[in-house]
Amino acid sequence: MKILVIGSGGREHALVWKLAQSPHATQMWCAPGNAGIAQERLAKNSALVECVNLGAEDLPKLLVFAQEKKADLIVVGPDNPLALGIVDLFQKNGLRIWGPNQKAAQFESSKVFSQNFMEKYGIPTARAGTFSDAALAKKFAASLDGKCAVKADGLALGKGVLICASMAEANKAIDEILVGRAFGVAGANIVIQEFLEGMEISLHALCDGKTAKLFPTSQDHKRALDGDRGLNTGGMGTYSPTPFLTETQLAETGRKILEPFTRGCAVEGIDFHGILYPGIMLTKSGPKVLEFNARFGDPETQVYLPRLENDLVELLDASVSESLAKVELKWSPMSSVCVVMASGGYPGSYPKGKVITGLYEAAKLPNTKVFHAGTAKSGNEIVTNGGRVLGVTAWAKDLKSAQAVAYAVVEKIHFDGAHFRRDIAAKAL
Ligand code: AMP
Ligand code: GLY
């Protein structure tokens, strides 16, 4: 099978790495990929994965490429091409593509859509209202004493959520998004949710339009600094599983979300093929959905895929062809930890082009994998090329060992200004 993966981050490196292990994969491309992805080889025939210089949002050129190469399966990593309708476009042209179509991708691309859906079908979520009028929004925020999350409706590079602790903050947030259009048209509508307290975790379910198969738990670390301080980032590290939900609680939580989700999709004519990734707050009154994403998490994927025992090509194929009901997901009992090494300054501005050393030494340790996120090749060297640079991942019999090994690998890798959290998975230990 000839496979094209779209995207260039740590998530896509993990997807390529796992897909490349499948005996079904005979040729693979990644658009645009990164320096780590370009080093992957297929288990079947040792062929290198080829990175092609096409942007993940350049739909017309990606289509031409997939058609020319006669790709048998296209796998979409990031949210933007999904929201732009890449799945609809490729399907219209007779290609086999994995991911939700534009209507289904609304679970991520529109928070108003998601909130209304959750309320309509009884998915446990925060008390919330959706608004386009600032005065009405402020009235609702006042009913929550200003303790709320104000969210731009559309995609805003992960920055469209403002957490408020007072009426003054809530009024300011509403004015910034709705009136000042701080996030452009993405903020023409907003969702205001009550502020929920608790531990935040990530769930994933692979869906085929009819059946949804739940993954184990994982937890991201979104803040830049140790102890959950500093600015919000795309994610500074993850681990799986978390001890904060037992197997029984996970199954129960999954049921409370996925049953109404599947029922609602059927009623609304939404054909969801792909990953549903709910962000969950474990509150005193039970788990509640903060938001839905319609793709694999980054860096959740980096801790899930080393634990996945199934052939990923077969799973994604079953998700496209509506045959997931017959498949059982199998997970290694090992724990995994991913520590993100970022560029100095991230999530603010940061330099690029810093030489990365120690990768060769790091690659020698068993049960570890350094996933590349923002890297590029410069001559014979690998250099930094993004905010999140590497996802250093280890798996072991328990979380503590996996954490120790991940940090031992981190110590081997160097680049100017490298910044990482030293407390990934610490909450769980
Ligand atoms: P979202 O993109 O909706 O997941 O929001 C980004 C982050 O804001 C989440 O990861 C949470 O840490 C935080 N957040 C979102 N909604 C709420 C809420 N209702 N209460 C408390 N924190 C929230
Ligand atoms: N782990 C955060 C995200 O993928 O959105």
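The values are calculated or read from the model by the stated rules, or taken from the named source; none is laboratory data. On a predicted model such as this, the values are computed, not experimentally measured, just so you know. With ideal geometry, Cβ positions are generated from the backbone for all residues, glycine too; neighbour counts draw on all protein chains shown. We work out accessible area using only protein heavy atoms, side chains counted, and drop any ligands, DNA or RNA first. Shrake-Rupley method; radii C 1.70, N 1.55, O 1.52, S 1.80 Å.
Panel values: the chain, Kirkwood radius from alpha carbon pairs, Stokes-Einstein at 4 °C and 1.567 mPa s, translational diffusion coefficient 59 µm²/s. Size of region 1-107 from its Cα atoms: along the principal axes, largest to smallest, the extents are 37, 26, 22 Å.
May I ask you to derive the relative contact order of region 1-111, considering only C-alpha pairs under 8 Å and at least 6 residues apart, and to give it as an integer percent?
On the way: 213 pairs, mean separation 27.4, N = 111.
That works out to 25 percent.
First select every other residue whose beta carbon is under 15 angstrom from the beta carbon of Val327; then total the charges, Lys and Arg +1, Asp and Glu -1. Before the final figure, lay out each step's value.
Numbers: positive: Lys210, Lys213, Lys326, Lys330; negative: Asp208, Glu309, Asp311, Glu314, Asp317, Glu322, Glu328.
Residues near Val327 contribute -3 overall.
With helices as the sole contributors, the chain gives -8000 deg cm²/dmol at 222 nm; each DSSP H run of n ≥ 4 counts as -39500 (n - 2.57), and the sum is divided by every residue. Within the shell defined by Cβ-Cβ distances under 13 Å, the residues around Gly417 carry a net charge of +1, with Lys and Arg each +1 and Asp and Glu each -1.
Tally up the carbon and sulfur contribution to the accessible surface of the chain as a whole percent, 1.4 Å probe, everything protein left in place. Display every interim value, and only then the final one.
Values: 9020 of 17550 Å².
After summing per-atom areas, the C and S share lands at 51 percent.
To the nearest Å, what is the center-to-center distance of region 157-232 and region 352-401, using C-alpha atoms only? Region 157-232 and region 352-401 have Cα centres spaced 28 Å from each other. Taking a Cβ cut-off of under 11 Å around Asn385, the surrounding Lys, Arg, Asp and Glu residues balance to a net charge of +4, with basic ones at +1 and acidic ones at -1.
With the simple model of a label 7 Å out from the Cα in the direction of the Cβ, Ser321 to Thr246 spans 3.9 nm.
Order of 365-372, 13-20 by packing, highest average Cβ count within 10 Å first? Spell out each step's value before the answer.
Details: 365-372: 20.9, 13-20: 26.9.
Ranking, from highest mean packing down: 13-20, 365-372.
Between Asp271 and Val185, the modelled label-to-label distance comes to 2.6 nm, taking each label 7 Å out from Cα in the direction of the beta carbon. Expressed to the nearest 5 percent, the antiparallel share of DSSP beta bridges inside the chain is 80 percent.
Each of Pro347, Ala362, Pro124 was placed along the dipole of the chain (beta-carbon charges, centred on the mean Cα), and the one lying farthest toward the positive end is Ala362. Structural descriptor for the chain: relative contact order 16 percent, calculated from alpha carbon pairs under 8 angstrom and at least 6 residues apart. Peptides 38-45, 73-80 ranked from most to least packed, by the mean per-residue count of other Cβ atoms within 10 Å: 73-80, 38-45.
Probe of 1.4 angstrom, ligands and nucleic acids ignored: what's the accessible area per residue over the chain, in square angstrom?
Values: 17550 Å² over 429 residues.
So the chain comes to 41 Å² accessible per residue, rounded to a whole number.
Per the Kirkwood definition applied to all pairs of different Cα atoms, how many angstroms is the hydrodynamic radius of region 170-264? Don't skip to the end; give the middle numbers.
Values: mean 1/r = 0.0610 Å⁻¹.
By the Kirkwood definition, the hydrodynamic radius is 16.4 Å.
The lysine pair count for region 116-256, using Cα distances under 15 Å and pairs eight or more places apart or on different chains, is 11. So how tilted is helix 247-268 from the main axis of the chain? Cα-based, degrees 0 to 90, rounded to 10. Here the helix axis deviates by roughly 70 degrees.
Can you figure out the FRET efficiency of Leu429 with Val64, using R₀ = 41 Å and their beta-carbon distance, to the nearest 0.05? Don't skip to the end; give the middle numbers.
Details: r = 50 Å, r/R0 = 1.21.
For Leu429 and Val64, the calculated efficiency is 0.25.
Rounded to the nearest 0.05, what FRET efficiency is calculated for Arg96 and Glu361 with R0 set to 41 Å and r the Cβ-Cβ distance?
Working: r = 40 Å, r/R0 = 0.98.
About 0.55, to the nearest 0.05.
With respect to the chain, whose longest principal axis is taken over its alpha-carbon atoms, helix 10-20 is tilted by about 50°. With respect to the chain, whose longest principal axis is taken over its alpha-carbon atoms, helix 111-121 is tilted by about 70°. A Förster radius of 35 Å, combined with the Cβ-Cβ distance separating Ala168 from Asp228, puts the computed FRET efficiency at roughly 0.90.
Before anything else, pin down the relative contact order of region 198-263: Cα pairs under 8 Å, at least 6 apart, normalised by residue count, whole percent. It would help to have the intermediate numbers written out before the result.
Details: 83 pairs, mean separation 17.6, N = 66.
Computed value for region 198-263: 27 percent relative contact order.
Under a model in which nothing but the beta-carbon of Lys, Arg (+1) and Asp, Glu (-1) is charged, the chain shows a dipole of about 300 debye around its Cα centre.
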